[in-house]
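Okay, structure first, notes after.
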Amino acid sequence: MAAYIRYFLDNGQSELYLQTWSGNFRMLRCAEKLGFMECNKIAGLRIVRGEKYDGLTYRLNVKKFKEQEEH
């Protein structure tokens, strides 16, 4: 995923977003490690196996992403 992000940043994109749901724990952890920060939440947007989950939108903190890449 980091290579995918780098591709878009290298080709002129200055803002990157991703959307997922609050029950997708692996994606949430991955996004946060890469430097994405939650910017929007819609409560109860998705129902999975009878449980309601929030719809989440994340925005990439480019500075944090670049710092992570350097290490």
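Values as computed for the structure displayed
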read-out: Among (1) at pLDDT 95 or above; (2) over 16 Å from residue 4 (Cβ atoms), the one test that residue 65 misses; value: (2)
read-out: Cβ pairs under 9 Å, 6+ apart, first in segment 17-33 and touching a residue at least 40 places away in the same chain (Cβ under 8 Å), second of a type outside the set (Ser, Thr, Tyr) and in a helix (DSSP H, G or I); value: 18/27; 18/31
read-out: Close pairs (7 angstrom Cβ cut-off, 6 or more residues apart or separate chains): at positive phi in segment 39-65, modelled with pLDDT of 95 or more anywhere; value: 44/52; 44/54
read-out: Residues that are of a type in the set (D, E, K, R), open to solvent by 100 Å² or more (accessible area, probe 1.4 Å) and in a strand (DSSP E or B), drawn from segment 34-50; value: 41, 46
read-out: Residue count, segment 15-33 (criterion: open to solvent by 90 Å² or more (accessible area, probe 1.4 Å) and more than 20 Å from residue 43 (Cβ to Cβ)); value: 3
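The values are calculated or read from the model by the stated rules, or taken from the named source; none is laboratory data. Keep in mind that what you see is a predicted model, and the values were worked out from it rather than measured. Cβ sites come from the backbone with ideal geometry, for glycine too, and all protein chains shown count toward neighbours. These accessible areas exclude ligands, DNA and RNA; they are computed on the full protein's heavy atoms, side chains included. Shrake-Rupley method; radii C 1.70, N 1.55, O 1.52, S 1.80 Å.
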